[in-house]
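To start, the structure itself, in structure tokens.
The values are calculated or read from the model by the stated rules, or taken from the named source; none is laboratory data. Please read these numbers as outputs of a predicted model, since none were measured by experiment. Every residue, glycine among them, receives a Cβ derived from its backbone with ideal geometry; neighbour counts consider all protein chains shown. Just the protein is used for accessible areas: all its heavy atoms, side chains included, with ligands, DNA and RNA removed. Shrake-Rupley method; radii C 1.70, N 1.55, O 1.52, S 1.80 Å.
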Amino acid sequence: MATRVTVWNEFLHERENAVVRDVYPDGIHATIAAALRQDSGIEAGTATLDQPEHGLSADTLSRTDVLVWWGHKAHGRVEDSVVERVAQRVWEGMGLIVLHSGHFSKIFKRLMGTPCSLRWREAGERERVWAINPSHPIAHGIGEALVLENSEMYGEPFLVPEPLETVFVSWYQGGEVFRSGLTYQRGAGRIFYFGAGHETYPIYHDKDVQQVLRNAVRWAHNPAPAWVGVEQAPNRPIGKAPEPIEQRGGSLHAAGEAGFK
């Protein structure tokens, strides 16, 4: 069965900025989705900010194995209810790939629990993305590094939790370095953050970047059934304990009563 992917994009810069429109005339989401479809095992659809529920209805998310997120200028316009819906699906097992300026998205900060801040510079400088874990599935086919001749600098310190794995580290022409490929697990969902991708440069047209994205989708896909109710904290009555026990001491809650939240 094919991996079902939804590529989400604000789709604002492409319509408002001529430079971005020239690079991505149909939107960054369309370019990424087309690159993913080069893998016959991936079905890729798209969603954008201005659609009802930002294109991320409960039904759409229930049919999404991996969500790819790109945002920049309108993080604050994403409804909190949609953010919580996406977080719930990640906890249940949906994969999430957050790209470039999505580090400041509500969903990434919600799942990381940190500011997700960094240093940056727009100078079109060279970026060398080193595969420091070349045996990792996300780095498959990349070699020791991929090179982007024009990129936006993202630099340390990057205020995110310690990752499960660091797959890529970037060096920039100006001298900064950045942990540009990080993996996380939240609940049953796998998360990959990938730093490459400023909208005024044709980075998502690069064959190596496209390979990373396809690899990441395959890595992030959890084929297990959704872990429905993962966020619940049920009160397990004494009578349902695996081994016989008796009440000892007082209790704040009656049997089966919901806990405090």
Multiply the residue gap between Arg77 and Thr48 by 0.36 nm, knock off their C-alpha separation, and tell me the result in nm, one decimal place.
-> 9.3 nm
Dipole magnitude of the range 136-261 about its Cα centre (Cβ charges: Lys, Arg +1; Asp, Glu -1), debye to nearest 20 | 660
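Based on the Cβ-Cβ distance of Met1 and Lys261, what FRET efficiency does E = 1/(1 + (r/R0)^6) give at R0 = 41 Å, to the nearest 0.05? Don't skip to the answer; put the middle values down first.
Details: r = 37 Å, r/R0 = 0.89.
Rounded to the nearest 0.05, the efficiency is 0.65.
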Rg and Dmax of the range 47-114, using alpha carbons, in Å: what are they?
-> 10.9, 29
Rank Glu246, Glu16, Glu79 by mean-square fluctuation in a GNM of the chain with C-alpha springs under 10 angstrom and give only the top-ranked residue.
-> Glu246
Only one of the listed values, (i) 13.3; (ii) 22.1; (iii) 16.8, was derived from the coordinates as mean projected area of the Cα convex hull in nm²; which label is it?
-> (iii)
Mind putting a number on the dipole of the range 99-182 about its Cα centre? Charges go on the C-beta only, +1 for Lys and Arg and -1 for Asp and Glu, and I need it in Debye to the nearest 20.
-> 340
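At a Förster distance of 30 Å, what's the computed FRET efficiency of Arg37 paired with Val230, Cβ-Cβ distance as r, to 0.05? Walk me through the numbers before you get to the answer.
Values: r = 30 Å, r/R0 = 1.02.
Calculated value: 0.50.
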Return the long-range amide H neighbours of Val68 (sequence gap of 5 or more, or a different chain), with a cut-off of under 5 Å between placed amide H atoms.
-> Thr6, Val7, Trp8, Ile97
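Add +1 for every Lys or Arg and -1 for every Asp or Glu among the other residues with Cβ under 12 Å from the Cβ of Trp171, and state the total.
Numbers: positive: Arg126, Arg128, Arg179; negative: Glu125, Glu127, Glu156, Glu176.
Result for the local shell: -1.
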With label points built 7 Å along Cα→Cβ from the Cα atoms of Gln185 and Thr166, find their separation and express it in nm.
-> 2.1
Give, in nm to one decimal, the length gained when the segment between Arg126 and Ile245 is fully stretched (0.36 nm per residue of separation minus the Cα-Cα distance).
-> 36.3 nm
Positive-pole candidate from His253, Leu182, Val23, dipole of the chain, charges at beta carbon = His253
Sum of -39500 (n - 2.57) over DSSP H runs of 4+, divided by residues of the chain (222 nm, nearest 500) | -6000 deg cm²/dmol
Between Asn133 and Glu156, what is the FRET efficiency for a Förster distance of 25 Å, r being their Cβ-Cβ separation, to the nearest 0.05?
-> 0.90
Under 26 Å from the Cα of Lys109, which lysines turn up, not counting those fewer than eight places away in the same chain?
-> Lys73, Lys261
In the full protein assembly as shown, how much of Glu243 is accessible to a 1.4 Å probe, in Å² to the nearest 10?
-> 130
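First select every other residue whose beta carbon is under 13 angstrom from the beta carbon of Thr48; then total the charges, Lys and Arg +1, Asp and Glu -1.
Values: positive: Arg15, Arg77; negative: Glu10, Glu14, Asp26, Asp50, Glu53.
Taking every other residue near Thr48 into account, the sum is -3.
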